[in-house]
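Readers should treat all values here as calculations from the given coordinates under stated rules, not as data from a laboratory. As the structure is a prediction and not an experimental result, all values here were calculated from the model. Note: ideal-geometry Cβ built from the backbone for every residue, glycine included; neighbour counts use all protein chains shown.
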Amino acid sequence: MSAPLQVIPAVDLMDGRVVRARGGRRSDYQALDCALVADSRPHAVLDALLAFHSFDTLYIADLDAIDGRGDQLALVRELAEHWPGVIWLDAGALTPPGGVRPVFGSEAFVDNETLQAALAMAEQPILSLDRRDRGLIGPAGLEHEPSLWPQDLILMELDRVGSGRGPELERLAALRARAPGYRFHLAGGVHGLADLEAARTAGAAGVLLASVLWDRTLDPDRLTAICMQHAD
């Protein structure tokens, strides 16, 4: 028996607003206006998420920092005080505010040495193995070197974000076989409860969700139930 599936809402920040991500094409992202909340202000979005489900962890992508156009760290500090649980923050190579778990996306690093230095200086770091069109974005060979990884990883499929095409389970299976002692969290493509069930059964530690939450295509009660189940 494995641990229950962790379901983590993913919030993308750009210019002080929450934007809707699709396919990793950040120049096309628009301010959030959806079935869950008709408001792109971050505090309002977090309130809507907590009203929908008792999430204990929130993932934030600071797209300004990731793209080298400034950062949203002051806003993240405010949100961390507002959010009752844990926040994971991907802010490129920047150090996050205190009490926030850092996510280091492979796309922000040109070599393994620089990435290793960032991981070594951080407390409880998370590595996001960022991929587009089935190719890793970042240092060469990183996906094949578990010795370079922290315990928690995100398998980010940028071209699947907002697509509803389903999570990349083949990649999960390959990496779990290579490194069975690590915790893998899937990101990109989840369409509904069947995808969550498939991820849980495949041994994912967690799943990052955005579009299915914005569109309210998940039933809150069934979401709670699947989070409490165990995979064989």
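Per-residue extension of 0.36 nm, minus the Cα-Cα distance of R69 and R25, leaves a gain of 14.3 nm for this segment. Inter-label distance, T217 to D15: 2.7 nm, where each label sits 7 Å from its Cα along the C-beta direction. Between T95 and R134, the simple label model (points 7 Å from Cα in the Cβ direction) yields a spacing of 4.1 nm. Here the label points at A225 and A179, each 7 Å from Cα along the C-beta direction, are separated by 3.5 nm in the simple model. Give the distance, in whole Å, between the Cα centre of the stretch 124-153 and the Cα centre of the stretch 98-120. When both Cα centres are located, 10 Å separates them.
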